[in-house]
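In what follows, a structure is listed as structure tokens, so that the remarks can point back to it.
The values are calculated or read from the model by the stated rules, or taken from the named source; none is laboratory data. Not measured: the values here are computed from a predicted model. Note that we place each Cβ from the backbone using ideal geometry, even for glycine, and neighbour counts take in every protein chain shown. Heads up: the accessible areas ignore ligands, DNA and RNA and are worked out on the full protein's heavy atoms, side chains in. Shrake-Rupley method; radii C 1.70, N 1.55, O 1.52, S 1.80 Å.
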Amino acid sequence: MSGSVYVIHENPQWLPPFQAAFEAEGVPLEEWLLTDGAIDLTVEPPEGVFWSRLSASAHTRDHAASKEYGRAVLRWLASWGRTVVNGADVLELEVSKVAQHAALRHAGVEVPRTTAVFGTAQLAAKAEEFEAPFISKHNQGGKGLGVRRWESHAEFAAWVDSADFEPSPDGITLLQELLVARAPFITRAEFVGGQFVYAVRVDTSTGSFELCPAEACAIPGADGMEPEPLFRLRDDVDPAIIDRYLAFLAAEGIGVAGIEFIETRDGRTVTYDVNTNTNYNPDVEASAPRSGPREIARWLGALLPHEAVGARG
């Protein structure tokens, strides 16, 4: 192979499992950290494969501008004909739940009833259209941050008018039906290069919406004890939903993703999040038949240009 895989990102904390996987697979990996810098738009990019791991939660790490940096860099790479995985169009899905909702619905995947509210003037009135309890969330979120459950419309209206109100970085607040699971867990299905890797059962019995699977997100248990694992391998996912997700990913040009869904008390299977910079939980990786990071390394390595073998002068 020739060239390198360039990982475009803004959070070094999430990178070590991937660095280890690429090293194990013998695939060269180079970082492209988009927290500042410059590009000469007239200069050709290096040879290689460019993999975007830009995140909707970048603003929580004081990297709010990384989204705009990413838009510029990914369009520049595409203009030179480089192979870009999870490129500019996929970044738009990562940073907008409205875009995800529209794309999933168009693909025939059931999504929660949702209203997008621009600004705050109509927020309280639009919330009245949802039966309580309901939830609000940021259109540009990540890690479950900004998701709140509301037991009453009065409580929500008071919050909107208070100094505690927390707007989405893009000014779009989503109002959404509260999905009640038939059992206290959600499922996250992982995909790499058009293939299903594995599914993860994520315990939600504590009621938290912050379900980041990465080791860097782990919270110690009480008294310093190790907490019970929230993430476990799941092997009984309906193949029909996996097939729908594969078709959706192919249609949207998404190479790497984790898709989250909930099986509700009233018998629905509802998809609510597409994470295009997916992380992998170490507990699950230890027991999984295939490793997510290793699958990514193999797939991206195969996309690198290969030297001709046995060529004659």
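Counting only helical runs of four or more DSSP H residues, what would the 222 nm mean residue ellipticity of the chain come to if each run contributes -39,500 (n - 2.57) and the total is spread over all its residues? Each step should come with its number before you reach the end.
Numbers: 9 runs with 86 residues, N = 313.
Computed mean residue ellipticity for the chain: -8000 deg cm²/dmol.
Please compute the per residue accessible area over the chain with all protein chains in place, 1.4 Å probe, rounded to a whole number of Å². Intermediate values should be presented prior to the final figure.
Numbers: 15210 Å² over 313 residues.
Each residue of the chain exposes 49 Å² on average to a 1.4 Å probe.
Could you check how much of the accessible area of the chain is carbon and sulfur, as a whole percent, using a 1.4 Å probe? All intermediate terms of the calculation are to be shown ahead of the outcome.
Details: 7700 of 15210 Å².
About 51 percent, which is the carbon plus sulfur part of the accessible surface.
For segment 121-178, which GluC sites (Glu not before Pro) pass both filters: DSSP loop (anything but H, G, I, E, B) and at most 13 other C-beta atoms within 10 Å? Let's see the in-between values first.
Details: sites: Glu128, Glu129, Glu131, Glu151, Glu155, Glu177; in loops: Glu128, Glu129, Glu131, Glu151.
Here the sparse-neighbourhood loop sites are Glu128, Glu129, Glu131, Glu151.
In nm, give the distance between the simple-model label positions of Arg148 and Ala24, each being 7 Å from the Cα along the Cα-to-Cβ direction.
With each label placed 7 Å out from Cα toward Cβ, I get 4.2 nm.
Over the chain, how many percent of alpha carbon pairs lie in each 20 Å bin up to the one with the longest distance?
Computed distribution, short to long bins: 31, 57, 12, 1.
For the Cα atoms of the chain, what angle does the longest principal axis make with the long axis of helix 16-25, in degrees from 0 to 90, nearest 10?
Its long axis makes an angle of about 30 degrees.
Tell me whether segment 78-162 comes out rounded, prolate or oblate; compute the Cα gyration tensor, take square roots of the eigenvalues as a ≥ b ≥ c, and use a/c under 1.5 as the rounded threshold. Spell out each step's value before the answer.
Details: a/c = 2.96, a/b = 2.20, b/c = 1.34.
Since a/c reaches 1.5 and a/b is larger than b/c, the shape of segment 78-162 is classed as prolate.
What is the helix-to-structure angle for 66-79, meaning the angle in degrees between its Cα long axis and the longest Cα principal axis of the chain, kept from 0 to 90 and rounded to the nearest 10?
That helix lies at roughly 40 degrees to the long axis.
In percent, how large is the relative contact order of the chain, given Cα pairs closer than 8 Å and 6 or more residues apart? Don't skip to the end; give the middle numbers.
Details: 555 pairs, mean separation 67.7, N = 313.
Result for the chain is 22 percent.
With a 1.4 Å probe and every protein chain left in place, tell me how much accessible area Asp283 has, in Å² to the nearest 10.
We get 90 Å² for Asp283.
Can you tell me what share of the DSSP beta bridges in the chain is antiparallel? A percent to the nearest 5 is fine. If you can, show how the numbers build up before the last one.
Working: 38 of 52 bridges.
Within the chain, antiparallel bridges account for around 75 percent of the total.
Can you tell me the orientation of helix 239-252 relative to the chain, as the angle in degrees between its alpha-carbon axis and the longest Cα principal axis, to the nearest 10?
Taking Cα atoms only, the helix is inclined about 70 degrees.
Would you work out if segment 2-67 is rounded, prolate or oblate? Take a ≥ b ≥ c from the square roots of the eigenvalues of the alpha-carbon gyration tensor; rounded if a/c is under 1.5, else prolate when a/b is larger than b/c, oblate otherwise.
Details: a/c = 2.95, a/b = 1.15, b/c = 2.57.
It comes out oblate by the Cα gyration axes.
Of Glu295, Glu110, which has the most accessible area with a 1.4 Å probe, and how do the rest follow in descending order? Provide the component values of the computation, followed by the final result.
Working: Glu295 35, Glu110 75 Å².
Correct descending sequence by accessible area is Glu110, Glu295.
Heads up, I need the accessible area for Tyr272: 1.4 angstrom probe, whole protein in place, Å², nearest 10.
For Tyr272, the solvent-accessible surface is approximately 50 Å².
With the cut-off at 1.5 for a/c, could you classify segment 165-204 from its C-alpha gyration tensor as rounded, prolate or oblate?
Oblate is the answer for segment 165-204, as a/c is 1.5 or above yet b/c matches or exceeds a/b.
Less than 14 Å apart at the alpha-carbon level, and either on another chain or at least 8 residues along: which aspartates and glutamates does that give for Lys137?
By straight Cα distance, Lys137 reaches Glu166, Asp170, Glu177, Glu210, Asp273.
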